[in-house]
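Okay, so here's the structure we're looking at.
The values are calculated or read from the model by the stated rules, or taken from the named source; none is laboratory data. Please read all numbers here as calculations on a predicted model, not as lab measurements. Virtual Cβ from ideal backbone geometry, glycine too; neighbours counted across all protein chains shown. Ligands, DNA and RNA are excluded from the accessible area calculation, which covers all protein heavy atoms including side chains. Shrake-Rupley method; radii C 1.70, N 1.55, O 1.52, S 1.80 Å.
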Amino acid sequence: MNKQDFSKEVEDFVAKTQSSYMDAIITLAEKKNMELESVSKMLNSIIKQKVEAEASDANMLKVKICKLPI
């Protein structure tokens, strides 16, 4: 499995289940018997940014990402 295929599966899983990107990545990694430490290499930059935004919103990051109010 390559980076593009795994990223596509993550996007499809999120769209189908309405779950968070973090949950989707963990679920797919477990189904494919992948180590979570190696999953980051299989994600494209867009998904990494979405995971970072989710983590920031949940106050999981040491440094808060500033974003403009919508």
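Observations, loosely collected:
- Stretchable slack from A15 to A53, in nm (0.36 nm times residue separation minus alpha-carbon distance): 12.0 nm
- The calculated 222 nm mean residue ellipticity attributable to helices in the chain amounts to -18500 deg cm²/dmol, summing -39500 (n - 2.57) over DSSP H runs of n ≥ 4 and dividing by all residues.
- In sequence order, calculated HN-Hα J values of the stretch 37-44 (Karplus, 6.51, -1.76, 1.60; Hz; x Gly/Pro): 5, 8, 5, 4, 6, 9, 10, 7
- Calculated accessible area for the chain comes out at 76 Å² per residue, all protein chains present (probe 1.4 Å; ligands, DNA, RNA ignored).
- Heavy-atom accessible surface of the chain: percent carbon and sulfur, 1.4 Å: 56
- Put a plus charge on the Cβ of each Lys and Arg, a minus charge on the Cβ of each Asp and Glu, and nothing anywhere else: the dipole of the chain about its Cα centre is then about 220 debye.
- For semi-axes √(5λ) of the Cα gyration tensor in Å, the candidate list reads (1) 22, 13, 11; (2) 20, 14, 9; (3) 26, 15, 12; the entry that matches the value derived from this model is (1).
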